[in-house]
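**Q** Below you will find the structure I want to go over with you.
FYI, it's all coordinate maths here, none of it is from the lab. It should be emphasised that the depicted structure is a prediction, and the values quoted were computed from it without experimental measurement. Neighbour counts run over all protein chains shown; Cβ positions are idealised from the backbone, glycine included.
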Amino acid sequence: MSVLERQADDLERDMRALAGAARQAASVLARIPADRKTAALMAAAAAIRHDRAAILAANAHDMDAAGGSLSAAMLDRLLLDDKRVAAMAQGLEVVARLPDPVGTELARWTRPNGLDIARVRIPLGVIGIIYESRPNVTADAAGLCLRAGNAVILRGGSESFHSSQAIVASLKRALAEAGLPPEAVQLVPTRERAAVGMMLGMADLIDVIVPRGGRSLIERVQRESRIPVIAHLEGICHVYVDRTADLQTARRIVLNAKMRRTGVCGAAETLLVDRAAAASHLPPILADLHAAGCEIRGDAATRALDPAALPASEADWTTEYLDAILAVRIVDGLAQAIEHINHYGSHHTDAIVTTDKGAAARFLDEVDSAIVLENASTQFADGGEFGMGAEIGISTNRLPPRGPVGAEQLTTYKYIVRGTGQVRP
């Protein structure tokens, strides 16, 4: 056996041991009462605050190693500072205060033969989460999985490896102090890409895979996984400015949707403007964007109104920039805007700016995306903004869960049937 083969065997053995420990922890968590999970989450928040310096030092190591290999937007996603570490702790506290979904009775009815039937929420079991950059996902994902009674195996991006290690060390210590199995939160202990493939084949130990990242990662997971996948596809998000849109409202929404944070999945990547409003609305909207440092890539009609705009190619309509770049197209009304979004979009988040309630209703009904908004920024595509405390991604699946995936979405259900001796004739 070659050295490489021995290394692969060792890695697979380690991965199966890690997943087996998570499976045992999941069986314990499924029976843990809500108040003990709440206490563990509060302890985790306290541990993150206590270990702030160690977490920031680990993140500085990752930032230094990333150097010039990442774009400014990706470096922003990787960066942790005092504010973001505090936000991680606060996020865990918010999740701790959420209602525990486990044990919730979703429906109950009695059959004519006297059988009492209930549908009750239960944990999924062991969740494997594969994600890129943003180390805060480590805390958010672990907290949500714990709230829902699940164990979690985290495989963060190689660029955030040390940050994730420091965060998981804090979480494990908090779980142990709260009397819960620390194996409930596991971090894949290697940057080797082979570990991802091994996770995707462990159908006997992992119940669900959640990939969160770029198209290449999502496509690989969907292609190779033997485990059900909750996909967080890229956010090719649109804002459509209707002919009746209030100009000042449109200016505020478009600027915020694109430039508040360019590196989040809810950032707008394409602006569509009704031709009937283009001459009056588009120049001031683009002036705001230019002033904020945004590069505009437009179709011919857009460039006729904005000489500073660069030509848009066909690829621009399907690109998630995660940067200060916006593709702009002038369309012939609502029907063409909806057609463009459904054809080029990623079914993530799309918004209309309009004062026409009929146009808004048609947009909300016909745009086939997980989140559709009327007169609001696409940057509200966030579990925290939806009142879920946090989320581990925005699912673009057709099957549920769809949209922000919070604690409730990380459960399944079973039927509990109570009888008094009935037998089937």
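**Q** Counting only other residues whose beta carbon sits under 15 Å from that of GLY20, what net charge do I get with K and R as +1, D and E as -1?
**A** Neighbour charge sum, excluding GLY20 itself: -2.
**Q** If the chain were replaced by its equivalent ellipsoid, with semi-axes equal to the square roots of 5 times the Cα gyration tensor eigenvalues, what would those be, largest first, whole Å?
**A** Working: eigenvalues 318, 160, 79 Å².
For the chain, the semi-axes come out at 40, 28, 20 Å.
**Q** Quick one: TYR131, TYR344, TYR415, TYR240, fewest Cβ neighbours within 10 Å first, how do they rank?
**A** Numbers: TYR131 24, TYR344 18, TYR415 9, TYR240 27.
Result, fewest neighbours first: TYR415, TYR344, TYR131, TYR240.
**Q** Projected onto the charge dipole of the stretch 100-187 (+1 at Lys/Arg Cβ, -1 at Asp/Glu Cβ, origin at the Cα centre), which of CYS145, THR110, LEU171 gives the Cα projection farthest towards the positive end?
**A** THR110
**Q** Before rounding to the nearest 500, sum -39500 (n - 2.57) across all DSSP H runs of length at least 4 in the chain and divide by the residue total; then give [θ] at 222 nm in deg cm²/dmol.
**A** Per the formula, -14000 deg cm²/dmol.
**Q** If R0 is 60 Å, what FRET efficiency do you get for ARG13 and ALA292 from their C-beta distance, rounded to 0.05? The partial results should precede the final answer.
**A** Working: r = 52 Å, r/R0 = 0.86.
Computed FRET efficiency for ARG13 and ALA292 comes out at 0.70.
**Q** What are the lysines whose alpha-carbon lies under 27 Å from the alpha-carbon of LYS83, with same-chain residues fewer than 8 places away excluded?
**A** Output for LYS83: LYS37, LYS172, LYS258.
**Q** Report the calculated FRET efficiency for ALA118 and ALA308 (r = Cβ-Cβ distance, R0 = 51 Å), to the nearest 0.05.
**A** 0.25
**Q** How far apart, in nanometres, would the label points at ARG173 and ARG223 be if each is projected 7 angstrom from Cα along the Cα-to-Cβ direction?
**A** Placing both labels 7 Å beyond Cα along the Cβ direction yields 4.2 nm.
**Q** Just to verify a number: FRET efficiency for ARG193 and ASN375, C-beta to C-beta distance, R0 = 56 Å, to 0.05?
**A** About 0.80, to the nearest 0.05.
**Q** Still on this structure, please answer the following. Dipole size in debye (nearest 20) for the chain around its Cα centre, Lys and Arg Cβ +1, Asp and Glu Cβ -1?
**A** 1440 debye
**Q** I would also like to ask the following. Let me know the charge dipole size of the stretch 108-172 about its Cα centre in debye, to the nearest 20, where only the beta-carbon of Lys, Arg (+1) and Asp, Glu (-1) is charged. Could the numbers behind the result be given before it?
**A** Details: 8 positive and 4 negative charges, 75 e Å.
Around 360 debye, computed over the stretch 108-172.
**Q** I would also like to ask the following. Ranking request for peptides 390-400, 49-59: highest mean number of other beta-carbon atoms within 10 Å first, then the rest in descending order. Mind dumping the intermediate values first?
**A** Numbers: 390-400: 20.5, 49-59: 17.8.
Ranking, from highest mean packing down: 390-400, 49-59.
**Q** Let me ask another. Starting from a Cα-only point model with no solvent, please compute log10 I(q)/I(0) by Debye for the stretch 237-380 at q = 0.14, 0.16, 0.19 1/Å.
**A** Cα-only, vacuum Debye calculation for the stretch 237-380: -0.53, -0.71, -1.06.
**Q** Expected output is a single nm value to one decimal: the length gained when fully extending between HIS50 and ILE416, i.e. 0.36 nm times separation in residues minus the C-alpha distance. What is it?
**A** Working it through step by step, the gained length comes to 127.4 nm.
**Q** 7 Å from Cα along Cα→Cβ at both THR104 and LEU364: what's the point-to-point distance in nm?
**A** Between THR104 and LEU364, the label points sit 2.2 nm apart.
**Q** Ranking request for peptides 212-220, 107-115: highest mean number of other beta-carbon atoms within 10 Å first, then the rest in descending order.
**A** Working: 212-220: 17.3, 107-115: 10.2.
Highest-to-lowest ranking by the protection proxy: 212-220, 107-115.
**Q** Sequence gap at least 6, Cα distance under 8 Å: using those rules, report the relative contact order of the stretch 337-411 to the nearest whole percent.
**A** With pairs under 8 Å counted, the relative contact order is 26 percent.
**Q** Continuing with the same structure: Just need the relative contact order of the stretch 150-214 here, percent rounded to a whole number, with Cα pairs under 8 Å and 6+ apart.
**A** This gives 37 percent for the stretch 150-214.
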